[in-house]
Amino acid sequence: ILSLFGSLLTVSVYTVYNTVIYVLEQLLASISSGVSGLVGRLIARKEIAELNRIVDRYEACNNTLAAGIATVCTILILPFVSIYTGGVTDAQYHQPVFALLMIAGSYAYGIRHPFGCVVSAAGHYKETNAGAVGEVAINLMFSLLLVKPLGLVGVALGTLTAMSFRTLYTVWYLSKHILHRPVWCFLLKQVCNLAVSGILINRIPVWLDIAATDIPRLFLCAIKVSVIVFPVFILVNMVLSINVFRKAMKK
């Protein structure tokens, strides 16, 4: 869409940001491969109570990682891009709104993994086909409508809207047909994580000097930011899933 209705310079900007975000998405996706086998066995045995306990643990860990990664990425992606594209003046690579929307879309995709894992293990591909088709349709429609007036931001809005729809659809489907638990529990956790993330994104640049002129210094900044961000999200998700952590500690 950017190639057809935008310019090749915008494609270049998109690619730089997407390269970082894709790596982080794959980091989260790699975790699900180790859980799907267990989930499949529980579904086959129809042990729904135990399945919910496993999904609760997986969701709590996944939410912690997804929120932590998204927050660190939001704080550091612009300094990284400025270093990565230093001296390049053919396009405007400083795109804070675009970066935020892309990371938000990646987060919406990342928090879907526990539920996508259940759909995959249960083999409910045809049953959730409407969500997949809807995701593509929404992405294309919004991107085509918004690419002319908003450029990169329009395409990112299309991605965010589509990812959010598919995630909510998957959670809704599982609540009705497999897991049988209210959707509002999922929504409450995400609202809390996003609120904490917003506070950290605003305050950490005030607390820490995250200015970096090269990759090694940026790496040190990433360590400092992560030391604050991940313990906070571990604590937040422990509170949000206190029963899950209690049972895990007992075991």
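The values are calculated or read from the model by the stated rules, or taken from the named source; none is laboratory data. All values derive from a computational prediction rather than experimental measurement. All Cβ positions, even for glycine, are placed from backbone atoms using ideal geometry, and neighbour counts span all protein chains on display. Quick note on the areas: whole protein, heavy atoms, side chains included, nothing else; ligands and nucleic acids left out. Shrake-Rupley method; radii C 1.70, N 1.55, O 1.52, S 1.80 Å.
Okay, here's what the table says:
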{"quantity": "Residues that are closer than 30 Å to V11 by Cβ and hydroxyl-bearing (S, T, Y), drawn from the stretch 114-149", "calculated": "S143"}
{"quantity": "Some residue of the stretch 46-64 being under 27 Å from V196 (Cα atoms), in a helix (DSSP H, G or I), of a type in the set (V, I, T) and modelled with pLDDT of 90 or more", "calculated": "yes"}
{"quantity": "Filter result for A70 (within 26 Å of V118 (Cα to Cα) and touching a residue at least 60 places away in the same chain (Cβ under 8 Å))", "calculated": "yes"}
{"quantity": "Residues (under 20 Å from G37 (Cβ atoms) and open to solvent by 40 Å² or more (accessible area, probe 1.4 Å)) located in the stretch 79-122", "calculated": "S120"}
{"quantity": "Subset of the stretch 118-139 (residues that are hydrophobic (A, V, I, L, M, F, W, C) and either touching a residue at least 40 places away in the same chain (Cβ under 8 Å) or farther than 19 Å from A108 by Cα (or both))", "calculated": "V118, V119, A121, A122"}
{"quantity": "Residue that is farthest from the chain's Cα centre (by Cα) [pool: residues in the stretch 132-167 that are farther than 21 Å from Y17 by Cα and surrounded by 20 or more Cβ atoms within 10 Å (Cβ to Cβ)]", "calculated": "E135"}
{"quantity": "Test: residue in the stretch 168-180 that is in contact (Cβ under 8 Å) with a residue 60 or more places away in the chain, open to solvent by less than 60 Å² (accessible area, probe 1.4 Å) and among the aromatic types (F, W, Y)", "calculated": "no"}
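Every residue, every condition in (1) among the polar types (S, T, N, Q); (2) free of Cβ contacts under 8 Å to residues at least 60 places away in the same chain; (3) under 30 Å from T85 (Cα atoms); (4) in contact with a strand residue (DSSP E or B) (Cβ under 7 Å, 6 or more places away or on another chain), yes or no:
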| residue | (1), (2), (3), (4) |
| --- | --- |
| I204 | no, no, yes, no |
| D209 | no, yes, yes, no |
| T213 | yes, no, yes, no |
| F219 | no, yes, yes, no |
| N237 | yes, no, no, no |
| S241 | yes, no, no, no |
| F245 | no, no, no, no |
